[in-house]
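Taking it in order: structure first as structure tokens, then the write-up.
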Amino acid sequence: MNIAYFLTPKNSVAYLYDDSTFRQGLEKMRRHGYSAIPVIARDGTYKGTVSEGDFLWHLLDAEKTQDAPLSMKDTEKLHVRDILRNNTYPPVRITASMEHLLSNALNQNFIPVVDDLGKFIGIVTRKDILRHLSKSTDFSTAPQLQKIV
């Protein structure tokens, strides 16, 4: 099966630019109810994913190194790229195998998808994969799965 079957295209996904401010990032995540969101450069290159935890850890780390906690005004000087950690949501290419997609889905709520140039083209959600698998599996003939369901 092709990954494109599961793809939610970029124009239907909320994402942040890496030059968005810390505050803009938090506001967008809150507005959409996300706990993690893809981050891209202005040229469309996937840069990583930022999570609520990344924002929180940055605030806590800043408090340790400064005399006072960051104010909301201070967060307007920070950019999302300043808090990106090692890529905890590695992307897959649109040509990746289904096995690779499933492997990533075990550890990620969504999998960012990029083209051959590393440009962000959308996401595949774990929910969509599970929905497809549940529709294509006959639970009545799989005794192990019947116990789970």
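Being open to solvent by 50 Å² or more (accessible area, probe 1.4 Å) and not hydroxyl-bearing (Ser, Thr, Tyr) narrows it down to one residue among LEU101, LEU106; which is it? Write out each step before concluding.
Details: LEU101 fails: open to solvent by 50 Å² or more (accessible area, probe 1.4 Å).
Testing whether each residue is open to solvent by 50 Å² or more (accessible area, probe 1.4 Å) and not hydroxyl-bearing (Ser, Thr, Tyr) leaves just LEU106.
Take ARG31 and decide whether it is assigned to a helix (DSSP H, G or I), among the basic types (Lys, Arg), open to solvent by 80 Å² or more (accessible area, probe 1.4 Å) and modelled with pLDDT of 95 or more.
Yes.
Tell me which residues, restricted to region 81-92, are over 15 Å from TYR5 (Cβ atoms), outside any loop (DSSP other than H, G, I, E, B) and modelled with pLDDT of 90 or more.
ARG81 - this is the single residue of region 81-92 that is over 15 Å from TYR5 (Cβ atoms), outside any loop (DSSP other than H, G, I, E, B) and modelled with pLDDT of 90 or more.
Can you name the condition, by its number, that ARG42 falls short on among (1) open to solvent by less than 60 Å² (accessible area, probe 1.4 Å); (2) not in a helix (DSSP H, G or I)?
That leaves (1) as the condition not met.
Pull out all pairs, ordered by first then second residue, where Cβ-Cβ is under 7 Å, the residues are six or more apart or on different chains, the first lies in region 1-17 and is touching a residue at least 24 places away in the same chain (Cβ under 8 Å), and the second is open to solvent by 60 Å² or more (accessible area, probe 1.4 Å) and in a loop (DSSP other than H, G, I, E, B).
Pairs found: TYR17/ARG42.
Go over the candidates ARG81, ARG85 one by one and state the one that is of a type outside the set (Asp, Glu), open to solvent by 80 Å² or more (accessible area, probe 1.4 Å), closer than 21 Å to PHE22 by Cα and touching a residue at least 60 places away in the same chain (Cβ under 8 Å).
So the residue among ARG81, ARG85 that is of a type outside the set (Asp, Glu), open to solvent by 80 Å² or more (accessible area, probe 1.4 Å), closer than 21 Å to PHE22 by Cα and touching a residue at least 60 places away in the same chain (Cβ under 8 Å) is ARG81.
The values are calculated or read from the model by the stated rules, or taken from the named source; none is laboratory data. Remember, it's a predicted structure, so these values are computed and weren't measured experimentally. Note that each Cβ is placed from the backbone with ideal geometry, even for glycine, and that neighbours are counted across all protein chains shown. Protein only, heavy atoms only, side chains kept; ligands, DNA and RNA dropped before computing areas. Shrake-Rupley method; radii C 1.70, N 1.55, O 1.52, S 1.80 Å.
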